[in-house]
Structures are given as C-alpha cells and as structure tokens.
Amino acid sequence: VDADLRAGVADQRAAAAEEMSVQAQEEARLAREQAEEIRRVAEAETNRLTAALGRIAETRRTALGLVMSLDEGYVKFDFDEAELQPESREVLSRIAGILFTADDFAITISGHTDVRGTEEYNQELSERRAQAVADYLIGAGLTADLFTVQGLGKSQLLDSGTSTEAHTKNRRVELGMVNARIILAH
C-alpha cells in the first residue's frame with residue numbers, strides 16, 4: 001500500500017511536471033512570436049524612416065540603426081562657431097517633422113570637426129555644435145529625453161586630407177537613430 005501510494009504521488013508529480021513543461025513551451029512559443037512581431041514592426045518603421053530621411057540627406061543603415069550625416073551642405077556653422085545658420089534651420093525643421101512620426105527611437109547627435117585646432121578645442125566645439133542641433137530639434141517640439149549629445153572632435157575623420165574639401169567633409173553632425181523596440185526585444 002505504501003509503495004502504491006508513493007507510486008501514485010510520483011505519477012501525479014510527473015503529470016504536473018509534464019503539464020508545466022507543455023505550458024512553458026507554449027509561453028516560449030508566444031514570447032518568440034511576440035518578439036518576431038516587435039522586430040517586424042520595428043523593421044518596417046526603420047525602412048520608412050530610412051526612405052523619408054534619405055530624401056533630405058545621406059541616411060544609411062548600420063548594424064545598430066540609422067545614421068544620418070549632415071555635413072556643411074546641410075547644417076552650416078560659421079568658422080569657430082556653434083550657432084546654426086538660418087538655412088540649417090529649414091533642414092532641421094524637415095528632419096524634426098519626420099522624427100515626430102517615429103515610434104520608439106533614441107537619437108544620438110554626434111558633432112565632428114576637421115583636423116585643424118587642438119584635440120581639446122575641437123572636442124569642445126564638436127560638443128557645442130551637436131548641442132545646437134539638439135536644442136533646435138527640442139525647440140521644434142521633440143522630447144529632450146530622445147537625445148544623447150556627444151562631441152567626437154576630430155576622432156572620426158571621413159577624409160584625412162588637408163584640402164578644403166576634406167575639411168568640409170569632416171565638419172559634420174550625425175544623427176544616430178536606434179529603435180528601442182528592437183533593443184528591448186532581445
């Protein structure tokens with residue numbers, strides 16, 4: 001009788017464990033489906049933003065998200081200054097309009113300089129220029145907590161030359177956009 005009782009309890013435990021296993025497998029399947037749906041929606045949003053922002057300026061996809069490069073053809077600053085020139089505001093207003101429609105993106109604004117000047121000076125100038133772009137976008141109505149601002153000085157040159165063209169190419173502000181849904185889904 002004692003052995004039968006123990007066998008019955010063991011059978012109940014085995015049945016409960018099997019039921020929990022089936023339940024866990026179902027929950028895992030649902031979680032995978034939900035994560036896939038999040039990735040699908042995020043991918044569609046990223047494609048939409050790439051196309052919309054690409055009509056304004058060079059926008060490329062990277063492993064981490066989108067990068068929009070705004071060189072002096074788009075965002076203009078006077079020499080040695082961080083105040084946006086009027087023609088830059090028009091471009092940034094168009095970008096702000098697109099970003100208003102973006103869901104779940106975090107944006108890093110990175111300032112870059114050319115090779116002229118000291119490391120310290122260029123670092124500070126690149127930070128001020130990136131902040132000027134962030135301030136404009138925030139002033140246009142975007143939420144401040146969307147943005148991280150960083151100055152990279154002359155640490156990431158696109159052209160190592162010393163010509164006017166090289167300097168122009170290197171003086172830029174880049175917007176790096178990462179979809180927070182994709183990050184949270186992993």
| task | For the stretch 163-186, state whether one or more residues are assigned to a loop (DSSP other than H, G, I, E, B) and either of a type in the set (A, V, I, L, M) or under 30 Å from Gln34 (Cα atoms) (or both). | result | yes
| said: Looking at Asp104, Asp71, Asp114 in this structure, which one is among the charged types (D, E, K, R) and modelled with pLDDT under 85? | reply: Asp104
| query | How many residues does the stretch 32-49 contain that are surrounded by 11 or more Cβ atoms within 10 Å (Cβ to Cβ) and either of a type outside the set (Val, Ile, Thr) or at pLDDT 90 or above (or both)? | reply | 11
| Among the residues of the stretch 63-84, which ones are open to solvent by 40 Å² or more (accessible area, probe 1.4 Å) and either within 23 Å of Leu158 (Cβ to Cβ) or not in a loop (DSSP other than H, G, I, E, B) (or both)? | Ala63, Leu64, Asp71, Glu72, Gly73, Tyr74, Lys76, Asp78, Phe79, Asp80, Glu81
| task | Might you let me know whether the stretch 145-157 holds any residue that is part of a loop (DSSP other than H, G, I, E, B), open to solvent by less than 50 Å² (accessible area, probe 1.4 Å) and more than 22 Å from Arg60 (Cα to Cα)? | result | no
| Just checking, which of Arg6, Arg60, Arg29 is open to solvent by 80 Å² or more (accessible area, probe 1.4 Å) and outside any helix (DSSP H, G or I)? | Arg60
| task | State which residue is surrounded by the fewest Cβ atoms within 10 Å (Cβ to Cβ) when the search covers only the stretch 159-175 and only residues that are more than 13 Å from Gly111 (Cα to Cα) and not hydroxyl-bearing (Ser, Thr, Tyr). | result | Glu165
| message | With the requirement that a residue be open to solvent by 10 Å² or more (accessible area, probe 1.4 Å) and of a type in the set (Val, Ile, Thr), what does the stretch 97-115 give you? | response | Ile98, Thr101, Thr108, Val115
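The values are calculated or read from the model by the stated rules, or taken from the named source; none is laboratory data. Here the structure is a predicted model, which is why all the values come from computation and not from measurement. Glycine gets a Cβ as well: all are built from the backbone with ideal geometry, and neighbour counts include every protein chain shown. Remember, those area values only see protein heavy atoms, side chains included, never the ligands or the DNA or RNA. Shrake-Rupley method; radii C 1.70, N 1.55, O 1.52, S 1.80 Å.
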